Amino acid sequence: MSFPALTPPLARALAERNYDSPTPVQLAVLADEAAGRDLLVSAQTGSGKTLAYGLAMARDLLGDAERFGRAAAPLALIVAPTRELAMQVQRELSWIYQHAEARVVSCVGGMDPRREQRELAAGAHIVVGTPGRLCDHLRRNRLDISELKVVVLDEADEMLNLGFREDMEFILKTTPETRRTLLFSATFPRGIVALAKQYQQQAFRIEVAGDEGGHADIEYRAIRVAPGDVEHAVVNVLRFYEAPSALVFCSTRDHVRHLQAALLERGFSVVALSGELTQNERTMALQSLRDGRARVCVATDVAARGIDLPSLDLVIHADLPNDAEVMQHRSGRTGRAGRKGTSVLIVVPARRRRAELLLNLAGVDADWGTAPQADEIRKLDHERMKDVLFTEETTADDVVLAQALLAERSAEDIAAALARLYRARLPSPEDILDPGERAGRPRDDRGRDNVRTPRDDGRAPRGDDRPAGPRSKPGKSSARHGMGEATVWFRANIGRRKNAEARWLLPMICRRGGIDKGDIGAIKIMDTTTEFEISERVAESFAVKIKRPDKEDNIRLEPLAGAPQQQAPAEERPHAPRRESRDSDHRERRDDRPRDKSEFKPRSKPHSERGPKFDEAPSSFGKKKHKNKPGHAEPSVMPWPAKGAPGKKPKKKKNRG
């Protein structure tokens, strides 16, 4: 179905943007029964509502003319909840009315009000702004609304949620009663209905938000992960989809900062949006996303309100939203204008039921599963590499270079070098364990558990008198990293005193040296330095690459002459030999020999009393907990010197000499 009859300038603008068929909301507002009436429209984010009201008010603004006259007092006023949405609406209306020679002016918070005053004084046909700034211009008589014909409230429910009810009412009371009012909202809460009854005249109600088409172009996925693997899951989801741009939602500013730093460390081009940024910083971050310099945006719900990224194909909920409506607002930023999008929920076991409730309330069917695994991502990388290498046509210069390379190297060497170059620019995928498999898997398969694995790989058992050798980070033995081959040790000039941790050192080493995680063996973190082993196969190229200056950190990496002393403490050794102490028998036992019942002092619930696995219901749900329950004995400690009651000073005996 095509658009109804439009004036030639508008029809030309739509044709230039390849708009040939209207969305349901656009078709509804352009219907004959809606012509010239106040409208109360329920439409989801991404349904094409900006174009809908842009076309709906065209006859009110232009009449039978094809172009606007000289700009003077504005004819239309569009009110949006955020500056980003207001700026987006201004851009949208500018191209819709470009051939009608419309002058569209924005008035938003965070911008210079004096510049806006000059633009308003110069005249405008359409004004777009945020409630607070528009009210300010109205109170100072800078905005002439005497000729106003149309008022549009875009995302009215969001403006209510943000506390703009008084500003909205002030604007509606101030504008001429003969105006036409178009109210667009994702939902119809009581406040919106009351506002419509008070300030609209026999409004024509249009509802398209409840239709399945609201999220028909969005694929919902819910992936279950262990609490410690949320960050790794985000990495793998980003690598699996390789979307041109992705939006990752977090619940707090701290989580935004942490996740942005982690993704930057792994080599992603990422920006962050939170309440800490100035308007200039927000504008620069959004511009870097639009022009492709950044591909990932980590944001809070408040900071991401109103942003529009045309090529956004992926939304990740690193933290679950508070309610179903917020989830739909988040997800609705993808799957726009006929494009397909994906919305991925990262769900830890404790939040499984909440995630299911959110999906049910939103009327969404999500595919539950595990996070993309590293092997899956590597296979996709192989296919993507072929697409990158062979999609473009070969030029004469390419042939000359290829012949020169073949004269010096074999075809196999050249192909291997191309593969290395392609992999070097990609962040390494993470190994992730499905928490639903934890109970049934053998211990030596639990790559993320900080549990000593039995020596069932054919090696001789470790003797008690044998000194402990270097170990890798927990759950990742050198053998699993391919370290059965020869290795070379390197050193970094950062240690425990500067908060060095294996979880961020590992991706930093991979990025600096252009290697994979599998090429790294043991990581030993000392007080001021960190020593780690690299496969001898890649050590030479690694040593060359780490000499290059790095803009993201000033950590110095250098080869280490010989193997380190084996007595040095390894990073996070979960079973280091117990240190003997005369006066601290309450310390945790950490040696490897079997425990005797007499020395077992439980510190937490016995294994049989722990919580249920991911897919099990709690067996004791609803029962009261009793104090002094067997199995909860306090660890024995040496008695402290006798003192008075806490908070009271011991009484001194008077000296009655």
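Of the residues in region 94-110, how many are under 25 Å from residue 141 (Cα atoms) and in contact with a helix residue (DSSP H, G or I) (Cβ under 7 Å, 6 or more places away or on another chain)?
Counting residues in region 94-110 that are under 25 Å from residue 141 (Cα atoms) and in contact with a helix residue (DSSP H, G or I) (Cβ under 7 Å, 6 or more places away or on another chain) gives 7.
Looking at this structure, is residue 270 under 30 Å from residue 435 (Cα atoms), touching a Phe, Trp or Tyr at 6+ places or on another chain (Cβ under 8 Å) and either of a type in the set (S, T, N, Q) or surrounded by 20 or more Cβ atoms within 10 Å (Cβ to Cβ) (or both)?
Criteria not met by residue 270.
Within region 87-100, can you find the residues that are of a type outside the set (Phe, Trp, Tyr) and at pLDDT 90 or above? Lay out the reasoning, then the answer.
First, pick out the residues of region 87-100 that are of a type outside the set (Phe, Trp, Tyr): 87-94, 96, 98-100.
Within region 87-100, 89, 90, 91, 92, 93, 94, 96, 98, 99, 100 qualify.
Scanning for something assigned to a loop (DSSP other than H, G, I, E, B) and modelled with pLDDT under 85, does region 523-537 turn up at least one residue?
Start the filter on region 523-537 by keeping residues that are assigned to a loop (DSSP other than H, G, I, E, B), which leaves 526-529.
Cutting the leftovers down to modelled with pLDDT under 85 gives us none.
Within region 523-537, none of the residues are assigned to a loop (DSSP other than H, G, I, E, B) and modelled with pLDDT under 85.
So, in region 359-378, of the ones that are touching a residue at least 40 places away in the same chain (Cβ under 8 Å) and among the charged types (D, E, K, R), which residue ends up farthest from residue 222 (Cα to Cα)?
378
Which is assigned to a helix (DSSP H, G or I) and within 16 Å of residue 318 (Cα to Cα), of 378, 354, 420?
354
Would a scan of region 55-68 turn up a residue that is of a type outside the set (D, E, K, R), out of contact with any Leu (no Cβ under 8 Å at 6 or more places or on another chain) and under 22 Å from residue 187 (Cβ atoms)?
No, every residue in region 55-68 fails to be of a type outside the set (D, E, K, R), out of contact with any Leu (no Cβ under 8 Å at 6 or more places or on another chain) and under 22 Å from residue 187 (Cβ atoms).
In this structure, is residue 51 in a helix (DSSP H, G or I) and surrounded by fewer than 22 Cβ atoms within 10 Å (Cβ to Cβ)? Even if it seems obvious, please write down each step before you answer.
Values: in a helix (DSSP H, G or I): yes; surrounded by fewer than 22 Cβ atoms within 10 Å (Cβ to Cβ): no.
Considered against the rule, which asks whether it is in a helix (DSSP H, G or I) and surrounded by fewer than 22 Cβ atoms within 10 Å (Cβ to Cβ), residue 51 comes out as no.
Could you tell me whether any residue of region 131-141 is in a strand (DSSP E or B), within 33 Å of the chain's Cα centre (by Cα), at pLDDT 95 or above and in the same structural domain as residue 52 (by TED's automatic domain parsing)?
Scanning region 131-141 turns up no residue that is in a strand (DSSP E or B), within 33 Å of the chain's Cα centre (by Cα), at pLDDT 95 or above and in the same structural domain as residue 52 (by TED's automatic domain parsing).
Determine which single condition residue 363 fails, assuming it passes every other condition in (1) surrounded by fewer than 20 Cβ atoms within 10 Å (Cβ to Cβ); (2) at negative phi.
(2)
Looking for something modelled with pLDDT under 90, within 19 Å of residue 182 (Cβ to Cβ) and crowded, with 18+ Cβ neighbours inside 10 Å - is there at least one such residue anywhere in region 36-43?
Yes, some residue in region 36-43 is modelled with pLDDT under 90, within 19 Å of residue 182 (Cβ to Cβ) and crowded, with 18+ Cβ neighbours inside 10 Å.
If we scan region 161-173, do we find a residue that is at pLDDT 90 or above, assigned by TED's automatic domain parsing to the domain that holds residue 69, among the basic types (Lys, Arg) and buried (at least 20 other Cβ atoms within 10 Å of the Cβ)?
The answer is no, given that none of the residues of region 161-173 is at pLDDT 90 or above, assigned by TED's automatic domain parsing to the domain that holds residue 69, among the basic types (Lys, Arg) and buried (at least 20 other Cβ atoms within 10 Å of the Cβ).
Just give me the residues in region 221-279 being of a type in the set (Asp, Glu) and in a loop (DSSP other than H, G, I, E, B), in sequence order.
Selection gives 242, 276.
Does residue 66 count as part of a helix (DSSP H, G or I) and among the acidic types (Asp, Glu)?
No: the conditions fail for residue 66.
The values are calculated or read from the model by the stated rules, or taken from the named source; none is laboratory data. Since the model is a prediction, treat every value here as computed from it, not as a measurement. When we count neighbours, we look across all protein chains shown, and the Cβ atoms used for this are built from the backbone with ideal geometry, even at glycine.
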